[in-house]
Structure formats: structure tokens, C-alpha cells
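Report on the structure given below.
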Amino acid sequence: MTAPVENPHLAGSSAPMDRDPAESGAGMPAAADRHPDGKSHQGDGRGKSKRKRRKRRGPVYAPGTGPRAPARPEPAVLVAPAPEVPIPPPKPSANGAARPADFYGALDLGTNNCRLLVAVPRDHGFRVVDAFSRIVRLGEGIGQTGRLGEAAMGRAIEALKVCGQKLAYRDVGRTRMIATEACRIAANGSDFVSRVRDETGLELEIVSRETEARLAVAGCASLVDPNAGGVILFDIGGGSSELVWLDLAGAAGDGRRRRMSDRIREWVSLPVGVVSLSERHGGRDVTPVQFEAMVAEVAVMLGAFPNVAVLDAAVAAGEVHMLGTSGTVTTLAGVHLDLPRYDRRVVDGTWLSGNQVAELVTLFMGMDYEARCANPCIGRERADLVLAGCAILEAIRRRWPCDRLRVADRGLREGVLVELMAEDGVWRPRSGRRAEDAHHA
């Protein structure tokens, strides 16, 4: 049986090919009219009828080209792409709820990264139509000074200007732009938010640690194993790390499925992240002694997790898996998969065993700074931070040795989009399914 041909042109499709007429040989003798020596049959009778047919039909030229085309210069016109009908911001409907927008935007300005997603709703989730991510290190030096530095604020504002351009280009109707730990703890955090508004027109919202944890859950809900008894979800950030215990045992009293955010049993926000930890202990060159010091510092913090003894028992029973959403775990997964370059579509949803995570951490510890820079899934921008992230992860794993870790290349931005679209009622309930349980396209 003949295998199907994926290329429509090879399959005899009439779909046009995007090629220039000169490039495709328009006006040149056809392959069938050429002699094996490369010359066309110019003097014999075999090519005469074909030449006559070509003459009657005439050569095919692209519109506006060819020998009879008017030789006048075309003016250069720059047209800003825009929808035919302007998309207004959502207006309240009769029942007071906001009407769905065509485009939704979610911006997350963290201690280390500035990230943006623009998406459109779909039946059971959303489709991302534009994205942006840049490492800005907004929290650089904040542990020593307690303030956002001028250079760091400048880097963040330049990245935010790009985000503003993308939002304007799409005429995004609904947005939420959040700032996290760096702006929360900095003495000049509020002043920076005002400066952002003045220089970019963007309205940043400094969210609480509890809101940050809830949004992480909403963004990663579809990666939870529904057959597990519970999940330890962690988000290792630049300045703080959130841990959430999701209790999946039992069912709602009315028999309906509960939203994943309603299954949060306990949570904690640790005042430590990859930027702050590496600034205290070192990130470029890390010895085993320094690494263990970082692990020990985080381990002390984990002892304050609410109902920690109950969670210890649940993990010991083997009913809990981990779900990590951070640059640390996505980097580990990318290296584990031996990707020639990082690809979130492959990494997102990857499962790692406990032994695989341990081997990867050992591998990273054995790399010097230049080797980490050269790895396509680490790179120079993360090379001095990834070992601090591994130390935080190792502290979590040693306290709760789950044998399964699922990797999520999603998080706060996806959670923001889910909540915005749910507020606007863009999804209609089907078989009791909730928005947070939808798989994001």
C-alpha cells in the first residue's frame, strides 16, 4: 500500500506554490523539451508544436511584471495592520458580567523574568496567539539594598514597552498585569509601578503571595494526575517560592467536580528564590559545600509548612506526586530529553522519576559555568541561577521524596487567562467540566 504524501504539491494538489516566476523557470524550455545534454530542441520537429502552443498561450508572469508591465515606481506605503472593526473593551452585560473579549492578555513581571501571553478563547481552553519572555533580573541586589536598582528597573521598563506594543497591536480587550515578589518587598516597589504607568501606560498590580499561589494552581490544573491522592505543586521563582498541597481525595458534597483551586488544602510562600539564594551563596561557581548550605537553608523553611506531619504521611503512603512550574524544572526536563534547543511543546507535561531528577542534579553539579552556558537548554542567562534552583528543588525532594514529578511550562500567566475568561463566561459548562480543568491549546 502506498504511504500517504504529506506535501500537497507532491500529491498533485492544485494549491499554489509560493515561488517567484523567475525562480520556477517561467519562460524557459520545459524539462520534456530538453535534450539530455541540457540543450533544447530548437531545430527539429519534435519541439515545434510545443513551442507553438506555448506561443499561443503565452508565458505566465506575476501580476504587474513581464515585458508589457508599466514601468512606474510603486510608492512605499507602511500600513499598520489592524482589524477591520475596532475591538472595544468588554462592556457589562445585562446581568452585570463582562462580555467576552476577542483577545486576552496576561503579563507576569517577576523577580527574574518579564513574560506576556496573548490568547483567544477556545471551547475547552484557549489558543496562544502571541508571547514574549525576557530575563530582566528586576530583583538584582534587592537582598542587600532592599530597593529596586536603577539598572534593573530600566531593563524591566524596556521589556514592558515591548509588551505594551504587542498588546496594542492585537488591540487586546481584557488584560491583567501582575508584579510579584520583587515589587512586594522593595521599598520603592510602588514608586516603580507608578513609573511604569507613566513611561509605558501599563497598569501593574502587585499581587499577594496567596494570589500568586492560586494563579499557579489555575494555570497548571490540567497537568494534575486525577488518579493521585494529592499533589505538591511548587513554583520556584526569582525572589520567592510557592508550595501548594492539593488534596484530591474525596468529592464535593453535591456530587459535582470541584475546581482545582478549591482543592488547595495548605500552601506556603518561602522568601527564597533563585536570584536571592544565588546572591547569598554563589551561582557562577558552586562547590558541593555551598550547594548543601543552600539546601539546608531551604530545608529549615519547609518545616513551617502547615500540617506538615499530615503531608509527610500522605507522601509516605505513595499517594502524592509533584508538579513543578519554574525555569529550574523545565531546564532539567530539556536536558533530560537531550533537546538541541529548548522546546516548550515537548517539555510541558513531561514526567520525571525521582532517580532521573537526582541524576540530573548530579549532572548539573558536575558542570562548570562555561559548560552550563554552552548547554542549549540552560544558556548564559540561566547558568548562574540553575544550581540555586536545583538546591531549592533538592530541599523539597528530600523533605517529600515523591517518585513522580511532572514538569509544567506554564503557570501564572495561564492562570490569569483562565480566571479572566471564566469571569467573562467564555466557556459553557459541559458535563460538569470547569474552566480550570480545560487543557490549554
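Below, the figures for the structure above:
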{"quantity": "Surface/4 of the Cα convex hull for the stretch 311-366, nm²", "calculated": "4.6"}
{"quantity": "Extended-chain gain in nm, criterion 0.36 nm per residue less alpha-carbon gap, Asp338 and Ala168", "calculated": "57.4 nm"}
{"quantity": "Surface accessible to a 1.4 Å probe, Val308 within the full protein complex, Å²", "calculated": "30"}
{"quantity": "Where labels lie 7 Å past Cα in the beta-carbon direction, separation of Arg134 and Arg284 in nm", "calculated": "2.4"}
{"quantity": "Summed side-chain charge close to Thr325 - residues other than Thr325 whose Cβ falls under 11 Å, Lys, Arg +1, Asp, Glu -1", "calculated": "-2"}
{"quantity": "Charge context of Gly141, other residues only, Cβ under 11 angstrom, K/R +1, D/E -1", "calculated": "-1"}
{"quantity": "Probe 1.4 Å - accessible area at Asp285, Å² to nearest ten", "calculated": "110"}
{"quantity": "Simple spin-label estimate for Glu150 and Met365 in nanometres, 7 Å along Cα-Cβ", "calculated": "4.2"}
{"quantity": "Relative contact order of the stretch 238-337, defined on C-alpha pairs under 8 angstrom at six or more residues apart (%)", "calculated": "26"}
{"quantity": "Solvent-accessible ranking of His281, His124, largest area first, probe 1.4 Å", "calculated": "His124, His281"}
{"quantity": "Share of carbon and sulfur in the accessible heavy-atom surface of the stretch 230-355 [1.4 Å probe, %]", "calculated": "53"}
{"quantity": "Rel. contact order, % - alpha carbon contacts under 8 angstrom, at least six apart, the stretch 287-441", "calculated": "37"}
{"quantity": "Cα-centred dipole magnitude for the stretch 199-322, charges only on beta-carbon of K, R (+1) and D, E (-1), debye, nearest 20", "calculated": "380"}
{"quantity": "Two-site label geometry, Glu205 and Asp123: point separation in nm, points 7 Å out along Cα→Cβ", "calculated": "3.1"}
{"quantity": "Packing-based order for 152-159, 173-180, using average beta carbon neighbours within 10 Å, highest first", "calculated": "173-180, 152-159"}
{"quantity": "Calculated FRET value between Asp198 and Arg380, using beta carbons and R₀ = 30 Å, to 0.05", "calculated": "0.40"}
{"quantity": "The stretch 111-267, accessible area per residue, ligands and nucleic acids excluded (1.4 Å, Å²)", "calculated": "41"}
{"quantity": "Solvent exposure ordering (accessible area, 1.4 Å, most first) of Ser278, Ser190", "calculated": "Ser190, Ser278"}
{"quantity": "Convex hull projection area averaged over all views, the stretch 271-394, Cα basis, nm²", "calculated": "7.9"}
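The values are calculated or read from the model by the stated rules, or taken from the named source; none is laboratory data. Source: prediction; values computed, not measured. Cβ sites come from the backbone with ideal geometry, for glycine too, and all protein chains shown count toward neighbours. When the accessible area is computed, the model is the full protein with side chains, heavy atoms only, and any ligands, DNA or RNA have been set aside. Shrake-Rupley method; radii C 1.70, N 1.55, O 1.52, S 1.80 Å.
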